[in-house]
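Notes to accompany the following structure.
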Amino acid sequence: MTTAPLIDSHCHLDFSIFDDDRSQILQRASTNNINNIIIPGTQSMYWNRIKKLCSQYAQLHACYGLHPYWINNHNKTDIKQLNAYVSLNKPVALGECGLDFRPQQADKKTQRYFFEAQLDIAEQHRLPVVIHSVKATETVISTLKQYKNLTGMIHSYSGSAEQARQLIDLNFFISVSGSVTYNNAKKIQAVVKSIPLNRLLLETDAPDQTDQKNIGKRNEPAYLINTLKKISQLKQIPETVIAKQTTENACLLFSI
C-alpha cells in the first residue's frame, strides 16, 4: 500500500451496479489509502442519487452534469435545471460534460450545444469542469479557447502529447485511467511520460476501464493503485511522490 493518500478523480460510484456492496467497496478503497472519490454526474434524473450518496459518505464529492453519451436522454430544459441545481447544491465541479465523436453517438451539433451550455454554467459559477472527450480532442481545445476563466480535467485522456500540452496551457489537468496499464497502450504511455506531474490526475472511471490486472472484472476505486504503479514505472518516479502530487492536484482543482 502506498504511504500517501490517493484521490480517485473520476468514479461513477452512484451507478446501480454498486448498490449491493458499496460500503465494502469504500472499505477496500480505504484499505488502499484512497481517501477521496469524485463522483461525476451523467443525467439529470441521477443528480439526486449522487447528492444523497455524497451526504452519506464524507469521502465522496459530487459533480452534476449532462454526459454526451446519453445526449438523446437530455433536453434543453435540463440546462436550466442544471444551473439551478448547481446554485443550490454547490458541487466540487460541473460535469461530466464534453464531446464523443464516435460514429454511433449523437450528432455533433447537438453535442456542442450541451457542451457549450455547460461550460457557460461552469464559468458563471466559477466551477471546474470534468470533460469527456472521445475522438474530439481538437474540437474540445478550440471550444475551451473561447473561455477565459475555466479550469478542469480531461478525464481518461486519449489525445496526443501535443494536445495535452495545449490543454495544460489552457489551465486543465490531464487524468489517466487504468487503460494506461495495458501492454499495447503505447500511445497513452508515451503521453504520460510527457505530462508534468503537477498537471496529472489519477482515476478509475469505475465501473468501466478496468486495468489489465483486473480485466473482465467490474472496476472499483481500490484498483487505482495499479494505475499508480504503472505511471511510477513509466515516469521512473516513486509511487509515493506521484501519489502525493496527484492528490495535491486534485485537492487544488476540486477545492477539497
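The values are calculated or read from the model by the stated rules, or taken from the named source; none is laboratory data. Computed from a predicted structure; not experimentally measured. A quick note on method: Cβ atoms are made from the backbone with ideal geometry, for glycine too, and the neighbour counts reach across all protein chains shown.
Collect the residues in segment 90-113 that are of a type outside the set (D, E, K, R) and in contact with a strand residue (DSSP E or B) (Cβ under 7 Å, 6 or more places away or on another chain), keeping them in residue-number order.
Pro91, Val92, Ala93, Leu94, Gly95, Cys97, Gly98, Leu99, Phe101, Gln111
If only one of Gln105, Gln111, Gln118 is within 19 Å of Asp208 (Cα to Cα), among the polar types (S, T, N, Q) and crowded, with 18+ Cβ neighbours inside 10 Å, which one is it?
Just one listed residue meets the conditions, Gln105.
Yes or no, residue by residue, for (1) out of contact with any Phe, Trp or Tyr (no Cβ under 8 Å at 6 or more places or on another chain); (2) free of Cβ contacts under 8 Å to residues at least 24 places away in the same chain; (3) surrounded by 13 or more Cβ atoms within 10 Å (Cβ to Cβ); (4) within 21 Å of Ile154 (Cβ to Cβ):
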position	(1), (2), (3), (4)
Gln24	yes, yes, no, no
Pro40	yes, no, yes, yes
Leu82	no, no, yes, yes
Val86	no, no, yes, yes
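I'd like to know if segment 23-42 contains one or more residues that are out of contact with any Cys (no Cβ under 7 Å at 6 or more places or on another chain), at positive phi and part of a loop (DSSP other than H, G, I, E, B).
Yes: one or more hits.
Could you please let me know if Ser44 is more than 16 Å from His132 (Cα to Cα), surrounded by 15 or more Cβ atoms within 10 Å (Cβ to Cβ) and of a type outside the set (Phe, Trp, Tyr)?
In short, yes.
All but one of (1) over 19 Å from Leu253 (Cβ atoms); (2) touching a Phe, Trp or Tyr at 6+ places or on another chain (Cβ under 9 Å); (3) modelled with pLDDT of 95 or more hold for Lys108; state the number of the condition that does not hold.
Lys108 satisfies all of (1) over 19 Å from Leu253 (Cβ atoms); (2) touching a Phe, Trp or Tyr at 6+ places or on another chain (Cβ under 9 Å); (3) modelled with pLDDT of 95 or more except (3).
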